[in-house]
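Remarks on the structure that follows.
What follows is calculated from the coordinates using simple rules that are stated; it is not laboratory data. Note that this is a predicted model, so its numbers are computed, not measured. Note that we place each Cβ from the backbone using ideal geometry, even for glycine, and neighbour counts take in every protein chain shown.
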Amino acid sequence: MKNNQAIVITGANGNLASYFNHQALDKGYNLILFYHDNFDRIQLIIDQYASRIRVIKTDFARSRDLKSALDQVIEETGWQISALFHCSTARANDFQSLSDSDSDIWENIVDVNLKGTFRILQAVIPHFRKQNYGKIVLLGSNVTRIGLPRGSAYSASKAAIANISRSLAAEEGKYNIFINTISPGPIKIDDSHFSESYRKFREEYYLEKVKEIPLKRSASFEDVCGLAWFLISENNRYITGEEFFVTGGKL
Ligand SMILES: NC(=O)c1ccc[n+]([C@@H]2O[C@H](COP(=O)([O-])OP(=O)(O)OC[C@H]3O[C@@H](n4cnc5c(N)ncnc54)[C@H](OP(=O)(O)O)[C@@H]3O)[C@@H](O)[C@H]2O)c1
């Protein structure tokens, strides 16, 4: 791999992205990291790999002009973007039925997850078109096929993401741009920063879900990242527009 290759990662301080960041650095990639508020995990890798990392702070619900921020990084570094790994997500920490939902919270989830996906894709795709190459992995969730009671904004926006990848695969195939969605079931993550009620909800949800999973465990970061690495690799020459369920056999 040439040493000017970069991967754009969103939600870059999050659980899954942080795991992926380390793997990408080990493989020799440069990283362009979109983060929101929290920065602690990114700080750890910047301390070690400053010259190979650029960061862009953004709120996907609001920031419209991600493209100029990204263009600036590309111009300054001369990096070429080989892939986008889009992990950012908003969740409803107050888990409510749709009819009891606060409309600002509901809309913010849709804005971050759906409009944010639109915004990052609009920023990255011109680079991919110019190169006539690009691999994109979006993160859905198994809730795209089973729904999520008391999480309708999250499940609706995740289903929309999976459908964006189907549409884009058709639009961008002629530019050699591949786009797929990975939809994992529950992943064991560090949830210490969530509110107590949301942690309790997640714990009960996970315990219940694991009982239904044929492989009897939740997904690991490696289960998800391993698939992502295949999808963005040169070995993936013919798979685009798909949604992959990483659910241990649970339909
Ligand atoms: N964990 C699971 O069980 C699971 C299951 C299925 C699918 N997934 C999907 O996998 C992906 C990664 O999950 P994860 O558990 O690693 O998530 P996570 O740790 O919660 O990370 C989500 C990231 O999104 C960022 N974010 C939140 N609001 C944002 C905004 N307004 N603008 C920009 N960024 C924002 C967060 O930044 P701040 O912390 O700074 O707000 C955080 O870094 C997500 O797309 C998720 O939906 C996860």
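Please work out the C-alpha center-to-center distance from segment 193-251 to segment 93-120 and express it in whole Å. With segment 193-251 and segment 93-120 each reduced to a Cα centre, they are spaced 21 Å.
Is it possible to state the helix-based mean residue ellipticity at 222 nm for the chain, with each DSSP H run of 4+ residues giving -39500 (n - 2.57), the sum divided by total residues, to the nearest 500 deg cm²/dmol? What is it? The partial results should precede the final answer.
Numbers: 9 runs with 112 residues, N = 251.
Helix-only estimate at 222 nm: -14000 deg cm²/dmol.
Summarising the overall dimensions of the chain from its C-alpha atoms, the Rg and Dmax are 17.5, 52 angstrom. Size descriptors for segment 37-121 (Cα atoms only): Rg and Dmax, in that order, 15.9, 50 Å. As a proxy for reagent exposure, CYS87, CYS225 were ordered by neighbouring Cβ count within 10 angstrom, fewest first; the result is CYS225, CYS87. Coupling constants for segment 95-104 follow from the phi torsions by the Karplus curve (6.51 cos²θ - 1.76 cosθ + 1.60, θ = phi - 60°), and in residue order they are 3, 10, 5, 4, 5, 9, 6, 6, 5, 5 Hz; glycine and proline get x. With R₀ fixed at 30 Å, the C-beta to C-beta distance from ASP191 to LEU215 puts the FRET efficiency at about 0.90. Other residues lying with their Cβ under 12 Å from the Cβ of LYS250 contribute a combined charge of +3, Lys and Arg counting +1, Asp and Glu -1. Which entries in LYS174/LYS250; LYS158/LYS216; LYS115/LYS174; LYS27/LYS174; LYS158/LYS250; LYS27/LYS158 show an alpha-carbon gap greater than 26 Å? In this structure, LYS174/LYS250; LYS27/LYS174; LYS27/LYS158 lie more than 26 Å apart at Cα. Partners of LYS188 within straight-line reach, counting aspartates and glutamates whose Cα lies under 18 Å from its Cα and excluding those fewer than 8 residues away in the same chain: GLU196, GLU203, GLU204, GLU208, GLU212, GLU222, ASP223.
Cβ-to-Cβ counts within 10 Å put TYR133, TYR35 in ascending order as TYR133, TYR35, the fewest first. By how many degrees, 0 to 90 and rounded to 10, does the Cα axis of helix 152-172 deviate from the longest principal axis of the chain? Compared with the principal axis, the helix lies near 30 degrees. Computed extension gain for GLN43 through GLN122, at 0.36 nm per residue and net of the alpha carbon distance, reaches 25.7 nm.
Between the Cα long axis of helix 15-26 and the first principal axis of the chain there is an angle of about 30°, rounded to the nearest 10. Note on TRP79, TRP229: ascending count of other Cβ atoms within 10 Å places them as TRP229, TRP79, the fewest first. Helix 196-212 and the longest principal axis of the C-alpha atoms of the chain enclose an angle of approximately 90°. Among HIS86, GLY140, TRP229, whose Cα lies farthest out toward the positive end of the dipole of the chain, if unit charges sit on the beta carbon of Lys, Arg (+1) and Asp, Glu (-1)? Positive-end residue among those listed: TRP229.
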